[in-house]
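**Student:** Quick one: this structure, given as structure tokens, is what I'll be asking you about.
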Amino acid sequence: MLCGMSLPPFHLAFPVTDLAATRTFFCELLECRVGRESEDWIDFDFFGHQLTAHRVKPQNGAAIAPAGENPVDGKQVPIPHFGAVLPWEKWHAVADRLTRAGVVFVIAPHLRFPGQVGEQATMFFRDPSGNPIELKAFKDPARLFAR
């Protein structure tokens, strides 16, 4: 429940170059459960949402070509990216697990917009195919869409 309403799960299909590495990353580091799968794709329960990793042939060594970066709060945010908004304690547990595992962060776990309406904990990292992922959390989940 967020802001007193139940939100439906979203679905995102995204390209990967190595399904085995993708499975390990999402299952072991992010603790995602596997749903349906075939030789060319895997469904993951990504914090209650359905992600489908589709195997593609790499182009220039990556699954997707990055579009660029956008400056936000003094940091260069990779565009495009996807992610999830986690409960505050869960976000910290995942950040600790990724740090202990030696994940290289695009933007290390930190507090963004401190003291402002949009104050949030955030981190950016890449999956084995180079897809940028952001995980964030709000101490007050009602502030997710606050202006």
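The values are calculated or read from the model by the stated rules, or taken from the named source; none is laboratory data. Just so you know, these numbers come straight off a predicted model, no measurement behind them. With ideal geometry, Cβ positions are generated from the backbone for all residues, glycine too; neighbour counts draw on all protein chains shown. Calculation scope for accessible area: heavy atoms of the full protein, side chains included, ligands and nucleic acids excluded. Shrake-Rupley method; radii C 1.70, N 1.55, O 1.52, S 1.80 Å.
**Student:** Quick check, is G68 at positive phi and surrounded by fewer than 11 Cβ atoms within 10 Å (Cβ to Cβ)? First the steps, then the outcome.
**Tutor:** Values: at positive phi: yes; surrounded by fewer than 11 Cβ atoms within 10 Å (Cβ to Cβ): yes.
The answer is yes for G68.
**Student:** Moving on. Output the number of residues of the range 120-147 satisfying the condition of being open to solvent by 60 Å² or more (accessible area, probe 1.4 Å) and in a loop (DSSP other than H, G, I, E, B). First the steps, then the outcome.
**Tutor:** The initial filter retains those residues of the range 120-147 that are open to solvent by 60 Å² or more (accessible area, probe 1.4 Å), namely 126, 128, 139-141, 143, 145, 147.
Among the residues that remain, those that are also in a loop (DSSP other than H, G, I, E, B) are: 128, 139-140, 145, 147.
Going through the range 120-147 one residue at a time, the tally reaches 5.
**Student:** Which condition breaks for Q59 when tested against (1) more than 16 Å from the chain's Cα centre (by Cα); (2) within 30 Å of R147 (Cα to Cα); (3) open to solvent by 60 Å² or more (accessible area, probe 1.4 Å)?
**Tutor:** Here Q59 clears every test but (2).
**Student:** Check the range 63-83 and report whether any residue there is modelled with pLDDT of 95 or more, within 20 Å of R143 (Cβ to Cβ) and not in a helix (DSSP H, G or I).
**Tutor:** Yes.
**Student:** Just to be sure I understand the filter: pairs with C-beta atoms under 9 Å, separated by 6 or more residues or on different chains, first member in the range 81-92 and in contact (Cβ under 8 Å) with a residue 12 or more places away in the chain, second member open to solvent by less than 20 Å² (accessible area, probe 1.4 Å) and assigned to a helix (DSSP H, G or I). Which pairs pass?
**Tutor:** Every condition considered, the pairs that remain are V85/W91; L86/V94.
**Student:** Still on this structure, please answer the following. For the range 33-48: of the residues being in a loop (DSSP other than H, G, I, E, B) and touching a helix residue (DSSP H, G or I) at 6+ places or on another chain (Cβ under 9 Å), which is nearest to P87 (Cα to Cα)?
**Tutor:** Taking the range 33-48 first, the residues in a loop (DSSP other than H, G, I, E, B) are 38-40, 47-48.
Narrowing further to those that are touching a helix residue (DSSP H, G or I) at 6+ places or on another chain (Cβ under 9 Å): 39-40, 47.
Details: E39: 33, D40: 32, F47: 10 Å.
Within the range 33-48, the match that is nearest to P87 (Cα to Cα) is F47.
**Student:** Let me ask you something else. Please find, within the range 1-28, the residue that is least open to solvent (accessible area, probe 1.4 Å) out of those that are aliphatic (A, V, I, L, M) and modelled with pLDDT under 95.
**Tutor:** We begin by selecting, within the range 1-28, every residue aliphatic (A, V, I, L, M); these are 1-2, 5, 7, 12-13, 16, 19-21.
Next, from what is left, pick out any that are modelled with pLDDT under 95: 1-2, 5, 7, 16.
Details: M1: 178, L2: 28, M5: 103, L7: 90, V16: 0 Å².
Checking each candidate, the answer is V16.
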